[in-house]
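To start, the structure itself, in structure tokens.
No lab work stands behind these numbers, since they all come straight from the coordinates. Everything numeric here is computed off the predicted structure, so don't read it as measured data. Virtual Cβ from ideal backbone geometry, glycine too; neighbours counted across all protein chains shown.
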Amino acid sequence: MRQQYRIELSRSLYWFVQLFLLHRSCLLLITLILAGLFLSACTPSPIQPTSLSFERSGGFVGLADRLTIDLNTGSARLQHGKEIIATTIDAEQRAQLRALIAELDLARLTDTPPPPNQCCDFLNYRIQIDAVTIQTTDANLPASLQPLVTELDAIITGMISR
């Protein structure tokens with residue numbers, strides 16, 4: 001009888017421990033899920049830029065272009081020398097610009113020193129994305145900034161050729 005009582009007690013204890021561990025695992029899982037939901041709700045979404053200003057000047061031909069784009073409405077204004085051209089950038093092109101901006105590490109690009117032997121043939125770029133300003137030349141243009149500059153150059157070329 002005593003042997004049977006021990007076996008029953010062992011089985012009961014075994015099931016109690018199993019239920020306790022299962023309950024604890026479920027509680028841990030629920031806690032992790034809730035924590036993940038809370039953190040995702042508290043994590044700020046990336047800030048969408050609203051304005052973009054691009055200036056290119058200098059070079060052999062003495063460029064003086066200033067392009068301003070409202071990334072929400074798509075209104076674009078180009079000052080090409082003394083000529084002013086206005087147009088609307090379509091939603092697809094604005095999405096492309098936003099994607100290129102999202103890939104940039106703006107904090108690292110804000111201070112790009114000019115090359116030591118700057119020559120008059122270099123193009124000077126000034127890019128302002130909301131409140132962040134980046135100044136550089138084509139001689140020391142960071143590789144990560146090249147796709148955005150290429151896209152903005154294409155927009156300017158398209159606006160001038162219309």
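Give me the one-decimal nm value for the distance between modelled label points at residue 95 and residue 131, 7 Å along each residue's Cα-to-Cβ direction.
Modelled inter-label distance: 3.0 nm.
Can you work out the Karplus-derived ³J(HN,Hα) for every residue in segment 152-157? Use 6.51 cos²θ - 1.76 cosθ + 1.60 with θ = phi - 60°, whole Hz, and x for glycine or proline.
Karplus values, whole Hz, x for Gly and Pro: 5, 4, 5, 4, 4, 4.
Restrict the search to segment 54-108; then list the trypsin sites (Lys or Arg not before Pro) that DSSP places in a loop and that have at most 16 other Cβ atoms within 10 Å of their Cβ.
82
Which FRET efficiency value, to the nearest 0.05, is calculated for residue 48 and residue 160 with the Förster distance at 30 angstrom and r the Cβ-Cβ distance?
For residue 48 and residue 160, the calculated efficiency is 0.60.
Taking other Cβ within 10 Å of each residue's Cβ, how do 60, 54 sort, fewest first? Please list the in-between numbers first.
Numbers: 60 10, 54 23.
Arranged by neighbour count, lowest to highest, 60, 54 become 60, 54.
Tell me the label-point distance for the pair residue 102, residue 80, using the 7 Å Cα-to-Cβ offset, in nm and rounded to one decimal.
If labels sit at residue 102 and residue 80, their model points lie 3.1 nm apart.
So who's got an amide H within less than 5 Å of the one on residue 137, skipping anything under 5 residues away but keeping other chains? H placed 1.01 Å off N, in plane.
Here the answer is 125, since their amide H atoms fall under 5 Å of that of residue 137.
What number does segment 50-162 give for Rg over Rh if you use C-alpha atoms and the Kirkwood radius?
Working: Rg = 13.7 Å, Rh = 14.4 Å.
Here the Rg-to-Rh quotient is 0.95.
Using a 10 Å cut-off around each Cβ, can you sort 103, 151 from fewest to most neighbouring Cβ atoms?
Ordered by Cβ neighbours within 10 Å, fewest first: 103, 151.
Tally Lys and Arg at +1 and Asp and Glu at -1 over the other residues with C-beta under 12 Å from the C-beta of residue 54: what net charge comes out?
Values: positive: 56, 66, 77, 126; negative: 55, 65, 151, 153.
Charge balance in the 12 Å sphere: 0.
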